[in-house]
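Trainee: Next up is a structure, given as structure tokens.
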Amino acid sequence: MQYDVAVVGATGLVGTKMLEILTEKNFPVRNLYMYASKKSAGKEVEYKGKSYKVIELKKENILDKDIDIALFSAGGDTSLEFAKYFVEIGAVVIDNSSAWRMDKEVPLVVPEVNPEALKDHNGIIANPNCSTIQAMPVLKALSDRYGLERVVYSTYQAVAGAGIQGIMDLQNGLKGEKPKKFQYDIAGNLIPQIDTFLDNGYTKEEMKMVNETRKILSLPELRVTATCVRVPVETSHSESVNVELKSDFDLKEVFELLSNTEGVVVEDDTANLKYPMPLYVAGKDPVYVGRIRRDYSNKNTLNLWIVSDNIRKGAALNAVQIAEKLAEMGLLEGAE
Ligand code: 2RA
């Protein structure tokens with residue numbers, strides 16, 4: 001089966017990575033359409049050695065096409081305005097923005113964690129937030145084996161999460177220039193704010209982690225809290241995750257369980273100073289977990305350190321994996 005694919009936001013950081021991953025995976029693309037805003041329309045974008053002209057994202061440029069999958073990474077407002085036209089022509093939209101993540105009619109999916117949710121889609125599937133995605137395969141495995149009582153996230157998020165301008169702020173900041181994207185210097189600094197503040201004192205990013213974790217794991221009452229921090233690292237988010245389980249565990253068994261979990265690599269050998277680090281995880285597909293240890297201050301509790309490439313598994317790769325899973329489950333129209 002082959003598919004007509006649209007990439008919406010094709011010139012952005014995640015859009016570019018989506019194209020790279022479609023290439024790496026040799027995804028069966030029949031026709032490819034690159035969409036972006038008026039500003040980028042007409043630019044040339046390469047895919048597998050062929051040049052494609054970027055199409056302006058507007059209704060009439062969508063309704064005249066026959067598209068099977070639309071991979072969106074162009075921001076929430078763009079998704080809210082244009083996804084419906086792709087749905088109208090029969091495409092399945094896989095959306096990287098936060099626009100529909102908490103909509104009851106929209107599945108929020110990490111393919112190795114809750115693929116069954118895809119069956120309920122109504123044309124739109126939401127890709128979770130990057131910092132949520134990377135914790136999911138690990139927490140799902142622990143949840144299935146021991147049950148989850150409470151999760152405490154503390155994140156160390158790379159500047160790539162804020163797009164190309166975030167990366168520029170770090171690179172230019174290292175040369176002494178002032179930031180344009182972030183409100184404070186990021187080079188040589190930490191910013192304990194990602195996205196805007198809500199009335200409850202949390203940031204939107206923190207509440208995304210709380211709400212998305214509950215939805216993906218189908219645990220609406222799970223006790224979850226998060227503190228999200230921007231760090232001067234280019235790519236890959238890191239997270240310290242404290243997990244209280246419903247039953248006690250044997251640490252060796254936890255190592256075994258996580259070593260056998262799809263999409264997860266255990267990198268934990270403290271005798272040889274082995275643990276995952278963002279610099280070395282960048283460019284890789286799996287979620288890496290290390291520093292796995294018992295939290296002696298609380299019953300049935302584990303401490304974990306989870307690192308993953310936020311542009312790959314945290315965004316573009318997860319979106320393409322959703323498309324692959326849809327195809328595998330026979331939920332995509334395509335052409336022989
Ligand atoms: C960030 N989680 O790291 C966001 C991107 N979706 O800023």
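The values are calculated or read from the model by the stated rules, or taken from the named source; none is laboratory data. Bear in mind the structure is a predicted one, so any value in this text is a computation, not a measurement. With ideal geometry, Cβ positions are generated from the backbone for all residues, glycine too; neighbour counts draw on all protein chains shown. The area values use the complete protein model at the heavy-atom level, side chains included, leaving out ligands, DNA and RNA. Shrake-Rupley method; radii C 1.70, N 1.55, O 1.52, S 1.80 Å.
Trainee: Return yes or no: is Leu170 aliphatic (A, V, I, L, M), closer than 18 Å to Ile306 by Cα and touching a helix residue (DSSP H, G or I) at 6+ places or on another chain (Cβ under 6 Å)?
Mentor: Considered against the rule, which asks whether it is aliphatic (A, V, I, L, M), closer than 18 Å to Ile306 by Cα and touching a helix residue (DSSP H, G or I) at 6+ places or on another chain (Cβ under 6 Å), Leu170 comes out as no.
Trainee: Let me ask something else. Pick from the range 47-83 the residues that are assigned to a strand (DSSP E or B) and within 16 Å of the ligand (Cβ to nearest atom): which of them is surrounded by the most Cβ atoms within 10 Å (Cβ to Cβ)?
Mentor: Restricting to residues being assigned to a strand (DSSP E or B) and within 16 Å of the ligand (Cβ to nearest atom), the top hit is Phe72.
Trainee: For Asp64, state whether it is more than 29 Å from Val241 (Cβ to Cβ) and at pLDDT 95 or above.
Mentor: For Asp64, the condition - more than 29 Å from Val241 (Cβ to Cβ) and at pLDDT 95 or above - is met.
Trainee: Looking only at the range 161-182, which residues are more than 24 Å from the chain's Cα centre (by Cα) and of a type outside the set (D, E, K, R)?
Mentor: Asn172, Gly173, Leu174, Gly176, Pro179
Trainee: Here are Glu46, Glu81: which of them is acidic (Asp, Glu), over 30 Å from Leu142 (Cβ atoms) and in contact with a strand residue (DSSP E or B) (Cβ under 8 Å, 6 or more places away or on another chain)?
Mentor: Only one candidate qualifies: Glu46.
Trainee: Which residues, counting only those in the range 13-66, are among the polar types (S, T, N, Q) and in contact with a Phe, Trp or Tyr (Cβ under 9 Å, 6 or more places away or on another chain)?
Mentor: Once the filter is applied, which keeps residues that are among the polar types (S, T, N, Q) and in contact with a Phe, Trp or Tyr (Cβ under 9 Å, 6 or more places away or on another chain), the range 13-66 yields Thr23, Asn31, Asn61.
So that you can scan it fast, the table gives a plain yes or no per residue for (1) buried (at least 24 other Cβ atoms within 10 Å of the Cβ); (2) out of contact with any helix residue (DSSP H, G or I) (no Cβ under 7 Å at 6 or more places or on another chain); (3) farther than 30 Å from Lys65 by Cβ; (4) not aromatic (Phe, Trp, Tyr):
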{"site": "Ala282", "(1), (2), (3), (4)": "no, yes, yes, yes"}
{"site": "Gly290", "(1), (2), (3), (4)": "no, yes, yes, yes"}
{"site": "Arg294", "(1), (2), (3), (4)": "no, no, yes, yes"}
{"site": "Leu302", "(1), (2), (3), (4)": "no, no, yes, yes"}
{"site": "Ala315", "(1), (2), (3), (4)": "yes, no, no, yes"}
{"site": "Gly330", "(1), (2), (3), (4)": "no, yes, no, yes"}
{"site": "Ala335", "(1), (2), (3), (4)": "no, yes, no, yes"}
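Trainee: Taking Gly314 as the residue in question, decide whether it is in contact (Cβ under 8 Å) with a residue 40 or more places away in the chain, more than 16 Å from the ligand (Cβ to nearest atom) and within 26 Å of Leu108 (Cβ to Cβ).
Mentor: So Gly314 fails the test.
Trainee: Between residues in the range 272-283 that are closer than 15 Å to Tyr156 by Cβ and residues that are at pLDDT 95 or above and polar (S, T, N, Q), which pairs lie under 6 Å by C-beta distance while being six or more apart or on different chains?
Mentor: Pairs that qualify, where the first residue is closer than 15 Å to Tyr156 by Cβ and the partner is at pLDDT 95 or above and polar (S, T, N, Q), are Pro278/Ser236; Pro278/Ser238; Val281/Ser236; Ala282/Thr235; Ala282/Ser236.
Trainee: Considering Glu253, Glu262, which residue is more than 19 Å from Arg312 (Cβ to Cβ), open to solvent by 30 Å² or more (accessible area, probe 1.4 Å) and more than 16 Å from the ligand (Cβ to nearest atom)?
Mentor: Of Glu253, Glu262, the one residue that is more than 19 Å from Arg312 (Cβ to Cβ), open to solvent by 30 Å² or more (accessible area, probe 1.4 Å) and more than 16 Å from the ligand (Cβ to nearest atom) is Glu253.
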